Amino acid sequence: MIQKTVSTVKSNTNLDLLEKCKTLNHLKQLHAQLLKYELPENPSAIEPLFSKAATANEDSFFSYACSIFRHHSHYNTFMYNTMIRGYVQAKLPVSAVLCYLHMLNNGFMANKYTFPSLIKACLILGRHYSKYMGCLVHAHVVVFGFSLDPFVISTLIEFYSLHFDMGSARKLFDKMSTRDVVLWTTMIYGYGKAGNFENARKLFEEMPERNSVSWSAIMAAFSRINNFKEVLLLFRRMQEEGMRPNESGLVSVLTACGHLGALVQGLWIHSYAKRYNYDSNPILATALVDMYCRCGCVEVALSVFDGIRIKDAEAWNVIICGVAMSGDARKSLELFNQMTSSGTKPTETTFIAVLTACTHAKLVQEGIEFFEEMDTLYGVKPRLEHYACVVDLLARAGLVEEAEKFVEEKMGGVEKGDANVWGALLGACRIYGKVDIGNRVWKKLANTSVADCGAHVLSYNIYREAGWDMEAKTVRRLISELGMKKKPGCSMIEVDGVVEEFIAGHLSHPKASDMCKVLDSWFTMLSL
């Protein structure tokens, strides 16, 4: 079809045909026609076809673009820029940098479209070279006169932000006399990524103009520091200002709903996502699955999960973990088998979910087998979190001696663990009355000056309940001397679409005095 038609058309029609090219064979046919009828007189006619091949995110197309580039005799800056962008999309940062150097050596000047792709290439270089190479590219930006170009500077700000160098990012931002919404949003996103929510919020409030991406960036900033209540407040304010949220913003809101148990708001978000066909986005769909799991609606979560057309590892991890937390360990393990059968490779998070499922169901043998197969069968190196899961698995099943042996032999001793390991082991010692093991663990922790409040409190309770008064007083005195305080518990409830938070020992809630009066009246009635 292409061969019969293209010979009678001019350049504009070639562009139309290029848009319809879906296969490499179609692309080659169009290329052949260009070689025959246009390229001899107009070498730049190849540029649209070359651009499509280089940036199509398909291996066969990109390979063909590389071939065109190697054999082309009329290079220009556009060709080099396109090739650099193609290398970045193909995750070949070194080739992108070498292509840039080749461009300079051949006497072609960089322009403002060269540097954004080149800076992104620096971001995906190995961590030992990324910052150094990025700074060199920054120097080239200055030399070539693009240090005030918002398109280039916003990419540099993103670069420094991802390296947590917010000082350099802020200097670039402050030097810009004209700042568009993209520049403001990039800076807010950088502060949020670095956990500096105060500066992120300050910039957000100073913005002369906001768009949905700006709102998404500030909500993500508060989501990262687990201030989920503020995320919902920002979302409500966004709606009041008549701004329509994008998919990224909805993911932050769904995450907040899940952690706060705000099911009503989560249902509204799901309905909203369906209305605008956002639920077809796999990342947003995964956030929906997570929200329903955290709110206890596992059947709905499974239904949403089944509707995800392309399930990545993150989607599988969320549903496996959610089903495990609901107590259905067998279903969780069944989902793991489905995941591996589908060809999706399990990740570190997958095995934490699977080991947690085995722990809750006391499937000790299965859990040990999963742990041993992590590296040998799936190529996933166990981390400290996985060791802690196995300790918890053994300890909760009453196999406290085996848990202690595992810590000593597999981890190199209690000292190599963390609060999760110590808590699992000492908690089991308290439940099953293994005072001798608890005593050994406590002495090792005391010798290494561990300042974990949970471990100290558990050790104190073990000694006190066993009647070891002298040891209990020693631990109690140490807790007091170190000024340790247990983090207060909190609970949340959703009333009329508003999440109310209560913290143990705090009277900061505006209706705290009224609630205390109601409780006092109940206690009075009960005592009659």
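Residues in the stretch 232-256 that are out of contact with any Leu (no Cβ under 8 Å at 6 or more places or on another chain) and closer than 21 Å to residue 318 by Cα: 248, 249, 252, 255. Has the stretch 296-312 got any residue that is within 25 Å of residue 393 (Cβ to Cβ) and touching a His at 6+ places or on another chain (Cβ under 7 Å)? No: the stretch 296-312 contains no residue that is within 25 Å of residue 393 (Cβ to Cβ) and touching a His at 6+ places or on another chain (Cβ under 7 Å).
With respect to the conditions (1) open to solvent by 70 Å² or more (accessible area, probe 1.4 Å); (2) of a type in the set (A, V, I, L, M); (3) part of a loop (DSSP other than H, G, I, E, B), residue 125 lacks only one, and its number is (1).
Of the residues in the stretch 204-211, not one is among the charged types (D, E, K, R), open to solvent by 80 Å² or more (accessible area, probe 1.4 Å) and under 19 Å from residue 162 (Cβ atoms). Residue under question is residue 102, and the condition is that it be out of contact with any helix residue (DSSP H, G or I) (no Cβ under 6 Å at 6 or more places or on another chain), more than 18 Å from residue 168 (Cα to Cα) and either outside any loop (DSSP other than H, G, I, E, B) or modelled with pLDDT of 95 or more (or both); does it hold? Considered against the rule, which asks whether it is out of contact with any helix residue (DSSP H, G or I) (no Cβ under 6 Å at 6 or more places or on another chain), more than 18 Å from residue 168 (Cα to Cα) and either outside any loop (DSSP other than H, G, I, E, B) or modelled with pLDDT of 95 or more (or both), residue 102 comes out as yes. Every test in (1) out of contact with any Phe, Trp or Tyr (no Cβ under 6 Å at 6 or more places or on another chain); (2) in contact (Cβ under 8 Å) with a residue 40 or more places away in the chain is passed by residue 119 save one, and that test is (1).
Just to be sure I understand, how many residues within the stretch 49-99 are assigned to a helix (DSSP H, G or I) and in contact with a Pro (Cβ under 9 Å, 6 or more places away or on another chain)?
Filtering the stretch 49-99 down to residues assigned to a helix (DSSP H, G or I) leaves 49-54, 59-71, 77-89, 93-99.
Imposing the further condition that a residue be in contact with a Pro (Cβ under 9 Å, 6 or more places away or on another chain) reduces the set to 85, 87.
The total comes to 2.
Taken over the stretch 45-94, the residue count meeting the criterion of being under 15 Å from residue 115 (Cα atoms), open to solvent by 30 Å² or more (accessible area, probe 1.4 Å) and under 30 Å from the mean Cα position of the chain (by Cα) is 4.
For the stretch 176-219, filtering for residues that are of a type in the set (S, T, N, Q) and part of a helix (DSSP H, G or I) leaves 6.
Take the conditions open to solvent by 60 Å² or more (accessible area, probe 1.4 Å) and more than 15 Å from residue 284 (Cα to Cα) and apply them to residue 260. Does it pass? So residue 260 does not fit the description; no. Residue-level check: of (1) open to solvent by 70 Å² or more (accessible area, probe 1.4 Å); (2) under 24 Å from residue 149 (Cα atoms), residue 118 misses just (1).
A quick yes/no check of all residues on (1) closer than 25 Å to residue 158 by Cα; (2) in contact with a Ser or Thr (Cβ under 8 Å, 6 or more places away or on another chain); (3) open to solvent by less than 10 Å² (accessible area, probe 1.4 Å); (4) not in a helix (DSSP H, G or I):
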| residue | (1), (2), (3), (4) |
| --- | --- |
| 221 | yes, no, yes, no |
| 230 | yes, no, no, no |
| 233 | no, no, no, no |
| 236 | no, no, no, no |
| 242 | no, no, no, yes |
| 272 | no, no, no, no |
| 279 | no, no, no, no |
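For the residues 415, 369, 404, the requirement of being open to solvent by 50 Å² or more (accessible area, probe 1.4 Å), at pLDDT below 90 and not aromatic (Phe, Trp, Tyr) singles out 415. Residue 288 meets each of the listed conditions (1) assigned to a helix (DSSP H, G or I); (2) open to solvent by 20 Å² or more (accessible area, probe 1.4 Å); (3) closer than 20 Å to residue 228 by Cα apart from (2).
I'd like the residue in the stretch 128-145 that is among the small types (Gly, Ala, Ser) and in a helix (DSSP H, G or I) and, out of all such residues, is surrounded by the most Cβ atoms within 10 Å (Cβ to Cβ).
Step one: of the stretch 128-145, the residues among the small types (Gly, Ala, Ser) are 130, 134, 139, 145.
Narrowing the set further to residues that are in a helix (DSSP H, G or I) leaves 130, 134, 139.
On the way: 130: 18, 134: 24, 139: 10.
The qualifying residue surrounded by the most Cβ atoms within 10 Å (Cβ to Cβ) is 134.
Tallying residues that are surrounded by 16 or more Cβ atoms within 10 Å (Cβ to Cβ), in contact (Cβ under 8 Å) with a residue 12 or more places away in the chain and either aliphatic (A, V, I, L, M) or assigned to a helix (DSSP H, G or I) (or both) within the stretch 151-175 yields 16.
Could you list all residues from the stretch 95-108 that are within 30 Å of the chain's Cα centre (by Cα) and among the hydrophobic types (A, V, I, L, M, F, W, C)? If you could, list the steps in order and put the result at the bottom.
From the stretch 95-108, those within 30 Å of the chain's Cα centre (by Cα) are 95-97; that's our starting set.
Listed by number, the residues that qualify are 96, 97.
The residues of the stretch 318-358 that are at pLDDT below 90, open to solvent by less than 60 Å² (accessible area, probe 1.4 Å) and outside any helix (DSSP H, G or I) amount to a single one, 327.
The values are calculated or read from the model by the stated rules, or taken from the named source; none is laboratory data. Owing to the predicted nature of the structure, the values given are computational and were not obtained by experimental measurement. Reconstructed Cβ throughout: ideal geometry from the backbone, glycine too, with neighbour counts over all protein chains shown. In case anyone asks, the SASA skips ligands and DNA or RNA and just uses the protein heavy atoms, side chains included. Shrake-Rupley method; radii C 1.70, N 1.55, O 1.52, S 1.80 Å.
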